[in-house]
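**Q** Okay, handing you the structure first.
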Amino acid sequence: MPVSDPRTQPRGQPVPDIMRASNRRTGPEKPKTVKNREPIGLMTVVIAVRLLFPGPALFAFLLYSAFHFTGFWDDATPQLRCTGGVATIGAPALFWQTGVSDLFAFLAPAPAAGITAMCLAYTGVAALAFYIATLPAQPASRTRAAVEQAIIWIAVGCLSPLAHFLLYFCTLHSLRHFSDALQSVEDTRKALRVAAILAVVKVS
């Protein structure tokens, strides 16, 4: 049954109940600009904190990064997720504390960079000790995650911090995300062709 627009109803005539219910459900339309202001405001706050407090901002970014990398091994035990996230961030400082401190000095004042690198070195020691103790104590933890973390520790002991991160992101990290992405699409061959084309275009 067609419903007339309440705006065209003669003055004094009651508005149909179905229109009242529709207006109550939908309510007044909110301007879309309000939604766009939230991420812009958050980005502005992050930039301001980074410029005004570079030392604490660096430390907070590393903490968040360690938490982020725990999700890389979401199919592993909680212990391995913890050691993996900490190892990804703290392992380079354990073997190359001076080099890491010099790199952090580009992002924060030298004293803050040195303290941050030292804290990462301590967390690296704790992560390595906990990782070594977990393997014999928990046979269920001897999974692919344990092998990948062993590769991280070996690589970081042999390579400089920048070379280690380059190897980690371009191989282990990128390949894992690429594999997860392929599993989420129906046409794997088409996805591989598109990825190859985009890679060639990006390199050229």
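The values are calculated or read from the model by the stated rules, or taken from the named source; none is laboratory data. Because the structure is a prediction, the values reported are computed rather than measured. Please note: Cβ atoms are built from the backbone with ideal geometry, for glycine as well, and neighbour counts cover all protein chains shown.
**Q** Checking Ala108 against (1) surrounded by fewer than 18 Cβ atoms within 10 Å (Cβ to Cβ); (2) in a loop (DSSP other than H, G, I, E, B); (3) among the aliphatic types (A, V, I, L, M), which single condition isn't satisfied?
**A** (1)
**Q** Only one of these conditions is not met by Ile115: (1) loosely packed, with under 15 Cβ neighbours inside 10 Å; (2) of a type in the set (Val, Ile, Thr); (3) within 30 Å of Pro54 (Cα to Cα). Which number is it?
**A** (1)
**Q** With respect to Ile115, determine if the residue is among the β-branched types (Val, Ile, Thr), out of contact with any Cys (no Cβ under 6 Å at 6 or more places or on another chain), over 24 Å from Cys158 (Cβ atoms) and modelled with pLDDT of 85 or more.
**A** yes
**Q** Out of region 53-73, which residues are out of contact with any helix residue (DSSP H, G or I) (no Cβ under 7 Å at 6 or more places or on another chain) and over 17 Å from Ala112 (Cα atoms)?
**A** Listed by number, the residues that qualify are Tyr64, His68, Gly71.
**Q** Six or more apart or on different chains, Cβ under 7 Å: which pairs go from a residue in region 63-88 that's farther than 16 Å from Ala127 by Cα to one that's at pLDDT below 85 and of a type in the set (Val, Ile, Thr)? Could you list them?
**A** none
**Q** Any chance region 81-101 includes a residue that's surrounded by fewer than 21 Cβ atoms within 10 Å (Cβ to Cβ), outside any helix (DSSP H, G or I) and modelled with pLDDT under 90?
**A** no
**Q** How many of the residues in region 158-178 are among the small types (Gly, Ala, Ser), part of a helix (DSSP H, G or I) and over 17 Å from Gly85 (Cα atoms)?
**A** Qualifying residue count, region 158-178: 1.
**Q** Here's something else I'd like to know. Within region 118-155, how many residues are over 23 Å from Pro78 (Cβ atoms), at pLDDT 90 or above and surrounded by 18 or more Cβ atoms within 10 Å (Cβ to Cβ)?
**A** Residues in region 118-155 being over 23 Å from Pro78 (Cβ atoms), at pLDDT 90 or above and surrounded by 18 or more Cβ atoms within 10 Å (Cβ to Cβ): 1 in total.
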